[in-house]
Amino acid sequence: MMRVAKWLGIAVLTVVPLIAALVLHTIYFKPLTLDWFYTRVFATFALDNPELLTSMRMVPPWLDFFGGKLADASPEHERRLARTVREDLAILDRYDRAALNAEEKRSYDTMHFFLQSLADGEPYLQHDFPVNQHAGIQSALPEFMQQMHAVENLKDAENYIKRLQRFPVKFDQVIASLRQREAKGVIPPRFTVEKVLTQMQAYIARPAAQHELVTSFKEKLDRIPAAGMDANTRARLLAAATGAVQDSVYPAYRNLIAYFIALQPKAVANHGAWSLPNGAAYYAWCVRKHTTTDMTPRQVHDLGLSEVARVEKDMDGILRQQGLSEGTVGARLLQLAHRPEQMFADTPEGRQAILARYQAILDEVNHGLGGSFDLRPRSGVKVEPVPASSEATAPGAYYKIGSFDGSRPGVFYANLRNPAEVTRFMMRTTAYHEGIPGHHFQMSIAQHLSGVPFFRRILPFTAYNEGWALYAERLAYELGFEKDPLDNLGRLSGEMMRAARLVVDTGIHAQRWTREQAIGYMIDHAGMTEEEATAEVERYFVNPGQALAYQIGMLKILALRERARQQAGTKFELKQFHNQILSHGALPLPVLEWTINDWVAGK
């Protein structure tokens, strides 16, 4: 027995240091395998982002070390992340790609593309606008607290309050970052400063006890069973949350408001990326990043003009069938959209009817896709209204993926700020894009992939993600879900908006279009009201290049499908093609292309 104990002791003394050395080597040096490297890259990023960990809900409750924290938004953290990207890219380059099999090469190329794109963008690290009318801490952080931070027990509730109390720290970090951008000449457009001020001032206008951060917290507490929390504890927590909003959240907003008031006299123009330091190079990088191609702004602009002409021709034919032949396509589309039969009542009943119709469209298409898809999400998608606090500046609709543990489903958010903005003949294509078979299919399927490194389940590429969602609109039409010509007109209208974006985004940022010029173009071609076109165009100003990804991604998927159909001949099956598109997670378009080519060659 003593001999056995002796040998066990020797084994432990030998193995434990080896394991420790292996762990340290993996953390600080080149890991022995690529999978370990991928795990380290993701773990380094995720463990540094408490909000991401909360949103994903992958970590079991007993390991929750992050629930009361917020992600670091300081300039120092920005620079630290950029340095980490460079170091990770250098390590990845040291692995032998030629020794990998096809699936391993797909992972290698995807991670390399992602890191290389970030590294190429390091010179423009502070060229963006972290606080703008479309996104930013002032709207995203409250939405995160309401939509992502679950409250199922006492610890969750206490963490919610801790996070409210940390608002001043995070807001101060953002202000420090904004000051550095200002010193470099990176100042937001005038309209951004004005609208962000209006948004934030309205956000803190009501008493703390009536604020959404408190009322939504109360709703979460109310859902906890009586056996899990007594009335006195609920009252104490609610009072603490109210105090945190009053004493921490509101002062944080007032500091950010004060900064923007001081910035206002310096925001004298509404210019695109060209006006920023080294603006042309910055925008060229934005185009490459979002399209995952080597296209230049000029090439994108020319493609946009061609696409607008193509889609406009198809729209004109349907509009003429409806007796609308005079004026621009945009003006005629607007006439049709404002017919009484196309509009919903501006009442609670009208808003509820919008949600019900969206859900019915999603349920119908979900039950009718069996012949076109083998891969399906594990769960359905819910339709909910955009939170009231975000309605004014949020898009007309958007999708948020569910949690990994299944406790929070995927949600299609519909903006109900003005029911007149929701046109009946546009609803199908919106539902297909945001829900089924668009974002919900693609993101939920990717979330549960097996046999691939974890980063492949979550890494986004705008051209792939949005290209698939726009392709989903087209696919639903091809499969017969839009039999009414007006529903098809709605699809074409959506495609026209994405085609016009190619023209307008590059016009703003590379050709020095004015804000008014861009708004006019969207009105004439995309059938938008001035209010809708203004919101769209102002989105392009603060997020250069993002709007280009939709049409370019869709065109690439369609081109790959047609090439596969021609090369595979009678062996081509649509559901197998969709399997190849969806079964690898989001990919840069060049990686997606060789994936499809490799699949076709195998057939």
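What follows is calculated from the coordinates using simple rules that are stated; it is not laboratory data. What you are looking at is a predicted structure, and each value in this text was computed from that prediction instead of being measured. FYI the Cβ positions are ideal-geometry reconstructions off the backbone, even for glycines, and counts take in every protein chain you see.
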Hey, fewest Cβ within 10 Å first, where do LYS195, LYS184 land in order?
-> LYS184, LYS195
Measuring from its Cα centre, region 129-272 shows a charge dipole (+1 at each Lys and Arg Cβ, -1 at each Asp and Glu Cβ) which, in debye to the nearest 20, is 400
Looking at the chain, do any whole DSSP H helices span at least 27 angstrom along their long axis by alpha carbon and average 1.0 or above on Kyte-Doolittle, and which?
-> 2-28
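What FRET efficiency comes out for ALA331 versus ALA205 if R0 is 30 angstrom and r is the Cβ-Cβ distance? Round to the nearest 0.05.
Efficiency for this residue pair is about 0.20.
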Once the dipole of the chain is set up from charges on Cβ (+1 Lys and Arg, -1 Asp and Glu), the residue from the list GLN165, HIS578, ALA43 lying farthest towards its positive end is ALA43
Spacing of the two label points (7 Å from each Cα toward its C-beta) at ALA559 and LEU63, in nm = 4.2
Sparse-neighbourhood loop sites, GluC sites (Glu not before Pro) in region 88-163 - DSSP loop, at most 11 other Cβ within 10 angstrom | none
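Size of the dipole of region 281-555 about the Cα centre, Lys and Arg at +1 and Asp and Glu at -1 on the beta carbon, nothing else charged, in debye to 20?
It comes to approximately 760 debye.
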Each residue of region 448-453 in turn: what ³J(HN,Hα) in whole Hz from Karplus with 6.51, -1.76, 1.60 and θ = phi - 60°, glycine and Pro shown as x?
-> 10, 5, 10, x, 10, x
Lys/Arg +1, Asp/Glu -1 at C-beta; region 165-255 dipole; positive extreme among ALA239, ALA208, ALA176 | ALA176
Checked against the structure, the computed Rg and Dmax of the Cα atoms in Å among (i) 25.1, 82; (ii) 30.6, 103; (iii) 25.5, 99 is the one labelled (iii)
Considering the dipole of region 371-482 built from charges on the beta carbon (Lys and Arg +1, Asp and Glu -1) around the Cα centre, which of ILE436, GLY406, LEU375 is farthest to its positive end?
-> GLY406
Between their Cα atoms, which of LYS289/LYS571; LYS556/LYS603; LYS170/LYS382; LYS400/LYS556; LYS400/LYS483 are more than 23 Å away from each other?
-> LYS289/LYS571; LYS170/LYS382; LYS400/LYS556; LYS400/LYS483
Span from the region 65-108 Cα centroid across to the region 259-286 one, whole angstrom | 29
Counted neighbours (other Cβ, 10 Å), sorted fewest up, put MET229, MET554 in the order MET229, MET554
Can you give the % of DSSP beta bridges in the chain that are antiparallel, to the nearest 5?
-> 50
Sorted from fewest to most neighbouring beta carbons within 10 Å, what does the list ASP363, ASP96 look like?
-> ASP96, ASP363
Just how large is the dipole of the chain about the Cα centre, in debye to the nearest 20, putting +1 at every Lys and Arg Cβ and -1 at every Asp and Glu Cβ?
-> 1360
